[in-house]
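Student: So that we are looking at the same thing, I have put the structure below in structure tokens.
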Amino acid sequence: MLRLQEGKNQEDLAKYLGITKKYYNNYELGKRKVPIDIVIKIAKYYETTTDYVLKVSDVRSKVYYD
């Protein structure tokens with residue numbers, strides 16, 4: 001959802017995460033569990049909380065990471 005809202009493609013995010021597009025696609029399809037280090041990187045990429053990425057929270061807070 002975040003990726004589509006931000007107008008990014010799977011290749012953009014996979015490159016940022018240091019994984020292949022196919023590997024990333026498996027995360028989106030639910031074929032692979034997303035490790036916590038990847039969840040953190042995704043939250044940083046979108047400048048939001050890990051709770052929002054994990055759908056623990058419905059509120060998208062803006063967070064600026066170092």
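Only the coordinates and a few stated rules stand behind these numbers; no lab work does. Note that this is a predicted model, so its numbers are computed, not measured. So basically every Cβ, Gly included, is an ideal-geometry build from the backbone, and we count neighbours across all protein chains shown.
Student: Among Leu29, Leu13, Tyr64, pick out the residue whose Cα is farthest towards the positive end of the charge dipole of the chain, where Lys and Arg carry +1 and Asp and Glu carry -1 on C-beta, about the Cα centre.
Tutor: The Cα lying farthest towards the positive end belongs to Leu29.
Student: Now, a different point. For the range 2-53, what is the convex hull (Cα atoms) projected area averaged across all directions, in square nanometres? Before the final figure, lay out each step's value.
Tutor: Details: hull surface 13.1 nm².
Averaging across all directions leaves 3.3 nm² for the Cα convex hull.
Student: Now a separate question. Rounded to the nearest 20 debye, what is the charge dipole size of the chain about its Cα centre when +1 sits on each Lys and Arg Cβ and -1 on each Asp and Glu Cβ?
Tutor: Details: 13 positive and 9 negative charges, 60 e Å.
So the magnitude is around 280 debye.
Student: Return the subset of Lys31/Lys55; Lys22/Lys62; Lys15/Lys55; Lys33/Lys55; Lys8/Lys44 for which the Cα-Cα distance in this structure is over 19 Å, preserving the input order. Could you put the intermediate results ahead of the total?
Tutor: Values: Lys31/Lys55 17 Å; Lys22/Lys62 29 Å; Lys15/Lys55 23 Å; Lys33/Lys55 14 Å; Lys8/Lys44 15 Å.
Those over the limit are Lys22/Lys62; Lys15/Lys55.
Student: Could I ask something else about it? Only sites in a loop by DSSP and with at most 11 other Cβ atoms within 10 Å count here; which trypsin sites (Lys or Arg not before Pro) in the chain make the cut? The partial results should precede the final answer.
Tutor: Working: sites: Arg3, Lys8, Lys15, Lys21, Lys22, Lys31, Arg32, Lys33, Lys41, Lys44, Lys55, Arg60, Lys62; in loops: Lys8, Lys31, Arg32, Lys33, Lys55, Arg60, Lys62.
Here the trypsin sites (Lys or Arg not before Pro) that fit, given the DSSP loop and packing criteria, are Lys31, Lys33, Lys55, Lys62.
Student: Distance from a point 7 Å along Cα→Cβ of Lys62 to each backbone N in the range 2-20: keep the residues under 11 Å and list them by number.
Tutor: Nothing falls inside the zone, counting backbone N under 11 Å.
Student: Below 8 Å, C-alpha to C-alpha, sequence gap of six or more: please give me the relative contact order for the chain in percent. Numbers along the way, then the final one.
Tutor: Values: 49 pairs, mean separation 12.7, N = 66.
This gives 19 percent for the chain.
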